[in-house]
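Participant: Structure in structure tokens, see below.
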Amino acid sequence: MHILVVDDEHEFLELMRNRLQKRGFTVDVAPTGEQALEMVGRRGYDAMVLDVKMPGIDGIEVLRQVKRLRPEMPVLLLTGHASVEAAMTSVETGAVDYLLKPVPINDLIMRLRDIAARRE
């Protein structure tokens, strides 16, 4: 499964890349929404893990644009700043899930495997 992880926190990106790769996932990372959209435009991913709060284009706007470019691509949103409004907006916009940071790695992996199983 090829995943794109998008977050403006460099340490978080590297941690996710390492942990997911150790569990057999192919992982690309993007530190900005703009870069993520560029990458999605160039190649297909099986899923995206996307932070909500980022400078520049935020996660909700990235989600909207991804759903226009690749409506079939599942997007999991992550946030350290939970709100009912943001959760509702993300689901209405097309996110498959809305998870709180710090997300336990096993929970994230379980969610990604569920997505992979549904696509098969």
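Participant: Show the residue pairs that are 6+ apart or on different chains and have beta-carbon atoms under 7 Å apart, the first residue being within the range 1-22 and touching a residue at least 60 places away in the same chain (Cβ under 8 Å) and in a helix (DSSP H, G or I), the second being surrounded by fewer than 17 Cβ atoms within 10 Å (Cβ to Cβ) and β-branched (V, I, T).
Facilitator: Between residues of the range 1-22 that are touching a residue at least 60 places away in the same chain (Cβ under 8 Å) and in a helix (DSSP H, G or I) and residues that are surrounded by fewer than 17 Cβ atoms within 10 Å (Cβ to Cβ) and β-branched (V, I, T), the close pairs are R19/I105.
Participant: Do any strands (runs of 3 or more DSSP E) entirely within the range 46-106 hold 3 or more residues that are touching a residue at least 24 places away in the same chain (Cβ under 8 Å), and if so, which?
Facilitator: 47-51, 75-79
Yes or no, residue by residue, for (1) among the aromatic types (F, W, Y); (2) touching a Gly at 6+ places or on another chain (Cβ under 6 Å); (3) closer than 24 Å to N106 by Cα; (4) open to solvent by less than 50 Å² (accessible area, probe 1.4 Å):
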| site | (1), (2), (3), (4) |
| --- | --- |
| L15 | no, no, yes, no |
| D28 | no, no, yes, yes |
| L37 | no, no, no, yes |
| V49 | no, no, yes, yes |
| V62 | no, yes, no, yes |
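Participant: Something else about it: Is it the case that the range 73-80 has a residue that's open to solvent by 60 Å² or more (accessible area, probe 1.4 Å) and either on the phi > 0 side of the Ramachandran plot or of a type outside the set (K, R) (or both)?
Facilitator: No, the range 73-80 contains no residue that is open to solvent by 60 Å² or more (accessible area, probe 1.4 Å) and either on the phi > 0 side of the Ramachandran plot or of a type outside the set (K, R) (or both).
Participant: Hey, R70 hits all of (1) open to solvent by 40 Å² or more (accessible area, probe 1.4 Å); (2) in contact with a strand residue (DSSP E or B) (Cβ under 8 Å, 6 or more places away or on another chain); (3) closer than 21 Å to M1 by Cβ but one; which does it fall short on?
Facilitator: In the conditions (1) open to solvent by 40 Å² or more (accessible area, probe 1.4 Å); (2) in contact with a strand residue (DSSP E or B) (Cβ under 8 Å, 6 or more places away or on another chain); (3) closer than 21 Å to M1 by Cβ, R70 misses (2) alone.
Participant: Output yes when any residue across the range 27-39 is part of a strand (DSSP E or B) and touching a Ser or Thr at 6+ places or on another chain (Cβ under 9 Å), and no when none is. Lay out the reasoning, then the answer.
Facilitator: Narrowing the range 27-39 to residues part of a strand (DSSP E or B): 27-30.
Filter once more, keeping what is touching a Ser or Thr at 6+ places or on another chain (Cβ under 9 Å): none.
No: zero hits.
The values are calculated or read from the model by the stated rules, or taken from the named source; none is laboratory data. Computed from a predicted model, the values in this text were never measured in an experiment. With ideal geometry, Cβ positions are generated from the backbone for all residues, glycine too; neighbour counts draw on all protein chains shown. For accessibility, only protein heavy atoms count, side chains too; no ligands or nucleic acids. Shrake-Rupley method; radii C 1.70, N 1.55, O 1.52, S 1.80 Å.
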